[in-house]
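Bear in mind that the values in this text are calculations on the coordinates, not laboratory data. Small disclaimer: the values here were computed from a predicted structure and weren't measured. Here the Cβ positions follow ideal geometry from the backbone for every residue, glycine too, while neighbour counts run over all protein chains shown.
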Amino acid sequence: MNKLRRHLRQLRYWRRLPSLATYRLRIVLRMAFLSLALAIVGLAISVLQQEKQLSYESYAQSFRKTQDQLAATLRHPAGQLALLNPNHAPEGGGLRPLLLPFPALDFDDQHKVRQAIAMSGCLAQVGPQGSLCAGIGNNPWAGGFIYVAGTFDSARLQPHARREPDVTQAHRVEVSVQIRGLHYRWIAPFEIPIDSAPSGGGMQGRLTGLNAQDAGKPNARPVRDFRGWIWQSPVCTSAGLAPGDAACRHSSFFSIRLPVGVLQDALFDQARPVWPPADLDKISVHVAVLPPGDGAPLLDTARDPVTPPFSLASLRAQLLPGETLAIALPGGAEIARIAGAANPAAPASPLLLRLIRRLPVETESAPLDSSTTVATPLGDYVLKLHGDARSVNQNLGVVATRVSWFVGAMLGALLLAWLVVEVGIIRPIGMLTRRANSVARTVKGSDSLAQLDFSDLRGRDELGVLASCLHDLLRRVHEDVEREEIRAEQERDMWHAVGHEIMSPLQSLMALHGNHGDQSLRYIQRMQQAIRILYGSASPGEAFQSGQVQVEDVDLQAFLHDVAAYAPSAGIADVRFTSHADGAVMARADLHALEDVITHVLHNADRHRTPGSAITMTLAVTERNATITIHNSGSHIAADLLDKIFEYGVSGRESGGSRGQGLFVAKTYMAKMGGTIAAHNTGDGVVDGVVFTLTLQRSA
């Protein structure tokens, strides 16, 4: 039993809770904003995953392309020059000779030398107009020579006169070499051979090499193995100038072979000479092209900035961040390791980097590796390119960090919109709903209505207008309730006064007709009972519903016979009683209440019967019930009123004199006595009549 009571209390508690439909609008709005926020985040993550997939695929293609480009670059003569000189790092103050990818230079042929140094990339920019290449051949048996070739701009070359000791009157080239603590220095004036013929209007001649300490001395002998040539173009370097103009400058190309004794001696001191020399990167070459007289040099490696040629370090620009290029000698020793430049972009968010690393992609793989071979005159070099596709996460993280501000701005705008809706719409709706529910639950009088206030929710928007209407409506309802309470109080006072004034004459009548054999006593007792029921009640309906009846055993045969006999005394003529039962019929009823019920039904039948027709009462019994039927001939009850005639205030009379109270009292008393009452029309015509059926329980 206790468990059942506990369950009932829980059930009543849950019934008092508001239903989900009350919060439906708020839930829909909040879920809509939550769905939009999740959609934005999901879209950003989806796009990020697609970008990661595309980045991985693009990186794999770029890795293969980088491998092909590096191999093609290093197979070119300029690339081979960089491979043959991996440690070449020129410093200011001179040139460093390079190991050329050729056995030697044909220094006597201008076109061959030009093509060789241009293709190999050996030619370095010196100053604004000059260029120089210093190198050695890759074949040691070609001799221990250093080759110097280059270009410069000058006026028409001034040749050195034969047998003239002073070399400063002509254009000349001054070359010096520092190697292993030794210093070689030559001065080579420009000379035109006797048998040389002009070529297309230009100038060409020999550069005769003299030791610097012998230059300017009579009968100075040229260096035997020193060879040099110079060729000057007849065309002016500046457009619009004629060759004879004083401002015309011509481009000159020179090629020199320098005999370096220490290198030549090293070749013949060993059975297997070491070539190239181990200290090749420590050899310094200085070149200066001097004009006639004491003027400033036309080209000077000690003065002019020297732009280094292509080197292995230049390959760094072709590598992506995270990629590494390792170059190994034919014997397997590594000569260079180049790593891609770090991304100078803004740092990425660590949170986004962790998210990117966790995003699954189809092509995510282990680090990429490739190997290829480049053939050179000194052997095959092995190129090993190492790349990691996961390094694209850093680049993608940088981009995602920049884009995340836009996603954050969208989420912020969505949050702001939700706050506006929450504060401006949902919160007033919630307050309006709670206060409206409180009206339905707690309002029982004018005092409760006075406590409800919607004035703080007023406004010019839709909710504000609704709150204003509710506020004004509640004020009017409050006023109506106050007026109704005043009217009810006045009616209660009136009933008190009426009951007080009627009870005294009834007490006098009881004294006059106190004999039990007097038939008037019954009507006086009925009047007293009615006064007691109505006395002190706010309304007749409440009085009848709250009234008490004393149920006892009643002989319906005798009772109905007396009612029919004394009906004319109550103003109801021609009432006939017929019984289908023999002997006494005992039923459970209150004598006075049952008489009021039958009297109200007879009065109602009397008002609606055809003049001159009789009202018949019939008593029928079953094993458990006794049924009283009252029939009158007359008009039917309207179909729309047939189910309403027992309600308080409902009357079928068109004239005002009826309060619609009699049948309500009859139904109320029958219910209190455990019986029922019903009405239905009889016959097929319009004026056949109405039958009221009263059912009571028989006594045991």
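Counted by neighbouring Cβ atoms within 10 Å, the residues 203, 617 run from fewest to most as 203, 617.
Close amide H pairs (under 5 Å, H built 1.01 Å from N) link residue 549 with no residue at least 5 positions away or on another chain.
Here segment 89-310 is treated as a Stokes sphere of Kirkwood radius computed over C-alpha pairs; at 20 °C and 1.002 mPa s its diffusion coefficient rounds to 120 µm²/s.
Find how much the distance from residue 329 to residue 420 grows on full extension, using 0.36 nm per residue of separation minus their present alpha carbon separation; answer in nm with one decimal. The span from residue 329 to residue 420 would gain 25.6 nm if fully extended.
Computed from the C-beta positions of residue 238 and residue 267, the FRET efficiency with R₀ = 35 Å rounds to 0.15. Available extension along the chain between residue 640 and residue 217 is 137.2 nm, counting 0.36 nm per residue and deducting the alpha carbon span. Dipole size of segment 44-172 about its Cα centre, with +1 on Lys/Arg Cβ and -1 on Asp/Glu Cβ: approximately 80 debye, rounded to the nearest 20. If you plug the beta carbon distance of residue 314 and residue 139 into 1/(1 + (r/R0)^6) with R0 = 25 Å, you get a FRET efficiency near 0.40. By the beta-carbon count within 10 Å of each Cβ, the least crowded to most crowded order of 610, 693, fewest first, is 610, 693. Magnitude of the charge dipole for segment 89-310, about its Cα centre and with charges confined to Cβ atoms of Lys, Arg (+1) and Asp, Glu (-1), is about 200 debye. Once the chain from residue 357 to residue 71 is taken as fully extended at 0.36 nm per residue, the excess over their C-alpha distance is 99.8 nm. In a simple Cβ point-charge model (Lys, Arg +1; Asp, Glu -1; nothing else charged), segment 549-697 has a dipole of about 300 debye relative to its Cα centre. With neighbour counts taken as other beta-carbon atoms within 10 Å, the residues 398, 47 rank, fewest first, as 47, 398. When the charge dipole of segment 142-181 is built from unit charges on Cβ atoms (+1 for Lys and Arg, -1 for Asp and Glu) and taken about the Cα centre, the candidate among 170, 143, 154 whose Cα reaches farthest toward its positive end is 143.
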